[in-house]
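Enquirer: Take a look at this one; I'll ask things after.
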Amino acid sequence: MDRFFFNTDVKTDKKNMLLDQDNIPSHIAIIMDGNGRWAKQKGLPRVAGHREGMKTITNVVEKANDIGIQFLTLYAFSTENWKRPKTEVDFLMKLPERFLDKELPALQKNNVKVKTIGDPSLLPPHTKQAVDKAVRETENNSGLVLNFALNYGGRHELVEAVRKLGREVEHGHLKPEDITESLFSDRLLTSEIPDPDLLIRTSGEIRLSNFMLWQLAYSEFWFTEVLWPDFNGGHLVEAVQRYQQRKRRYGGV
Ligand code: V07
């Protein structure tokens, strides 16, 4: 029997308010693309788009929490993003602190648990410290897990997992025959997080861009032309509805 959820938040969500409560995706992963293009269209510098994109996160986290999402992974900075102009990289590296200075109290109040995946070794110390502090201070929260992919690369993650397994074999703790998909998953940065049920990419690009290559093997993909700074809670609900329609169709055959 289907139960339905009626959202009364008219501020962020004017349409598409019906969701099947028995089929809410546990984990949504998002490639937050289109910030630079949003700024360009408005004649603003790229960094203005990044700043606006940060506001979208607050909005989307709130809605994800409302609809009962348990894990939200956001691709904030890829291993390839270091190739951007230094001024832009420097600006981007200030955003985790800015975001957390402003939002950590609200995240705390909403019982959100902050996590990260990615290689922290190349992050500036000020960035790493701010993120570590947020992770530490929210580690006992039991609500939505807000997982930031920060200096994350899917291939890098896979190579690191292979290295780990290689060392375990070398030390005689493991036989190659013992390596299973499940054991391999346990060596990834997401070992404590289920695979995403739904991937959203904004801004019309139809690519994975080295994001969660292993974990997205069975996920539903939802691509939208909407630029990340224009994305809102209503769009998130729409993506979940499309996800639910697909799931219902599969259930029929
Ligand atoms: C970044 C803003 C959102 C649009 C996409 C690119 C720019 C939030 C964070 C963040 C990261 C870790 C954390 C808390 C917040 C962030 C970067 C870029 C590098 F623990 N937004 N945001 N980090 N953008």
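The values are calculated or read from the model by the stated rules, or taken from the named source; none is laboratory data. This one's a predicted model, so the numbers in the text were calculated from it and none came from an experiment. Quick reminder, even Gly has a Cβ in these numbers, built from the backbone with ideal geometry, and neighbours come from all protein chains shown. Keep in mind that these areas ignore ligands, DNA and RNA; they rest on the heavy atoms of the full protein, side chains included. Shrake-Rupley method; radii C 1.70, N 1.55, O 1.52, S 1.80 Å.
Enquirer: Sorted by average packing, counted as other Cβ atoms within 10 angstrom per residue and highest first, what order do 100-107, 196-203 take?
Expert: Top of the packing list down: 196-203, 100-107.
Enquirer: So if R0 is 22 Å, what FRET efficiency would PHE221 and TYR250 give, r being the distance between their Cβ atoms, rounded to the nearest 0.05?
Expert: My answer for the efficiency is 0.95.
Enquirer: For region 68-123, what is Rg from Cα atoms divided by 2.2 N^0.38 Å, rounded to two decimals?
Expert: Compared with the compact-globule rule of thumb, region 68-123 sits at 1.31.
Enquirer: Which value, in Å², gives the accessible area per residue of the chain when a 1.4 Å probe is used on the protein heavy atoms?
Expert: 53 Å²
Enquirer: If you stretched the chain out fully between GLU177 and GLN21, how much longer would it get, using 0.36 nm times the residue separation minus the C-alpha to C-alpha distance?
Expert: My answer for the length gained is 52.0 nm.
Enquirer: For the full complex of protein chains and a 1.4 angstrom probe, list ARG46, ARG249 by accessible area with the highest value first.
Expert: ARG249, ARG46
Enquirer: Then there is this: Given a 1.4 Å probe and every protein chain left where it sits, what share in percent of the accessible area of the chain is carbon and sulfur?
Expert: Of the solvent-accessible surface of the chain, carbon and sulfur hold 52 percent.
Enquirer: Also, I was wondering about something else. Quick check: residue separation of GLU80 and GLU139 times 0.36 nm, minus the Cα distance between them. What number comes out in nm?
Expert: Gain in length upon complete extension: 18.4 nm.
Enquirer: Taking a quarter of the surface of the convex hull around the Cα atoms of region 140-214, what do you get in nm²?
Expert: Value for region 140-214: 7.0 nm².
Enquirer: Stretched out fully, how many nm does the piece from ASP101 to GLU160 gain, at 0.36 nm a residue minus the Cα gap?
Expert: That works out to 18.1 nm of additional length.
Enquirer: Determine, for each peptide in 123-133, 140-150, the mean count of other beta carbons within 10 angstrom over its residues, then list the peptides with the highest first.
Expert: The packing order, highest mean first, is 140-150, 123-133.
Enquirer: Which whole-Hz ³J(HN,Hα) couplings does region 145-162 yield from phi under the Karplus relation 6.51 cos²θ - 1.76 cosθ + 1.60, θ = phi - 60°, glycine and proline marked x?
Expert: Karplus values, whole Hz, x for Gly and Pro: 8, 9, 9, 8, 7, 10, 6, 9, x, x, 5, 4, 4, 5, 4, 4, 5, 5.
Enquirer: Need one number for the chain: average projected area of the convex hull over its C-alpha atoms, nm².
Expert: 16.0 nm²
Enquirer: Per-residue counts of other Cβ atoms within 10 Å, averaged by peptide: what ranking do you get for 204-214, 59-69, highest first?
Expert: The packing order, highest mean first, is 59-69, 204-214.
Enquirer: Continuing with this model, one more query. Taking only the Cα atoms of region 212-253, how large is their convex hull per residue, in Å³?
Expert: Cα-based convex hull of region 212-253, divided per residue, equals 90 Å³.
Enquirer: To continue, here is another question. With label points built 7 Å along Cα→Cβ from the Cα atoms of VAL89 and LEU213, find their separation and express it in nm.
Expert: 2.2 nm
Enquirer: For the chain, with only Lys/Arg (+1) and Asp/Glu (-1) charged at the beta-carbon, what is the dipole magnitude about the Cα centre, in debye rounded to 20?
Expert: Taking the Cα centre of the chain as origin, the dipole is about 840 debye.
Enquirer: Still on this model: Largest first, please: the extent of the C-alpha atoms of region 123-253 along each principal axis, to the nearest Å.
Expert: Taking max minus min along each principal axis of the Cα atoms, region 123-253 gives 51, 48, 31 Å.
Enquirer: Roughly how big is region 177-228's charge dipole about its Cα centre, with Cβ charges of +1 (Lys, Arg) and -1 (Asp, Glu), in debye to the nearest 20?
Expert: In total the dipole reaches around 320 debye.
Enquirer: Normalised by the residues of the chain, what does the relative contact order come to in percent, with Cα pairs under 8 Å and at least six apart?
Expert: 28 percent
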